[in-house]
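Right, one structure below, let's go through it.
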Amino acid sequence: MRNWTLEFDAYRTEGLCFVLTVHPEIIATPGRIGLLREFMDYVTAYDDVWIATGSEVASWWSSLDLENSPAHPAEIFHALTLSEHQNYNTR
């Protein structure tokens with residue numbers, strides 16, 4: 001619990017997106033589910049925190065209609081896969 005709150009506080013202080021990853025087979029035990037409940041109570045006590053699913057974050061980000069710089073990893077990946085796809089089609 002302490003690690004989660006320290007990490008959350010640091011992300012919040014910097015205005016960053018905190019992503020909590022939990023695995024159902026690990027967290028869904030009687031001793032651990034209470035920790036998750038306690039942590040979520042801690043997080044939701046702040047009124048400047050948005051609790052969202054990955055899909056909601058993706059929709060919000062897409063709505064901003066921002067372009068990546070050419071050096072962004074997604075753009076490099078796109079350029080590489082497009083190049084590979086074009087090479088494959090010319091064989």
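Under the condition of being hydrophobic (A, V, I, L, M, F, W, C) and surrounded by fewer than 11 Cβ atoms within 10 Å (Cβ to Cβ), which residue from segment 34-78 is farthest from Tyr11 (Cα to Cα)? Looking at residues that are hydrophobic (A, V, I, L, M, F, W, C) and surrounded by fewer than 11 Cβ atoms within 10 Å (Cβ to Cβ), I get Phe77. Annotation: Leu20 fulfils all but one of (1) part of a helix (DSSP H, G or I); (2) open to solvent by less than 60 Å² (accessible area, probe 1.4 Å); (3) under 18 Å from Gly54 (Cα atoms); the unmet one is (1).
Screening Thr5 against (1) modelled with pLDDT under 95; (2) open to solvent by less than 80 Å² (accessible area, probe 1.4 Å); (3) not charged (D, E, K, R) leaves a single unmet condition, (1). Can you name every residue in segment 43-79 that is in contact with a helix residue (DSSP H, G or I) (Cβ under 7 Å, 6 or more places away or on another chain) and part of a helix (DSSP H, G or I)? If the condition is that a residue be in contact with a helix residue (DSSP H, G or I) (Cβ under 7 Å, 6 or more places away or on another chain) and part of a helix (DSSP H, G or I), then Val43 is the only one that fits. Can you work out which of the residues in segment 23-33 that are in a helix (DSSP H, G or I) and closer than 28 Å to Trp61 by Cβ is most open to solvent (accessible area, probe 1.4 Å)? Per the criteria, the residue is Pro24.
The values are calculated or read from the model by the stated rules, or taken from the named source; none is laboratory data. Just so it is clear, the model here is predicted, and its values are computed rather than measured. So basically every Cβ, Gly included, is an ideal-geometry build from the backbone, and we count neighbours across all protein chains shown. Ligands, DNA and RNA are excluded from the accessible area calculation, which covers all protein heavy atoms including side chains. Shrake-Rupley method; radii C 1.70, N 1.55, O 1.52, S 1.80 Å.
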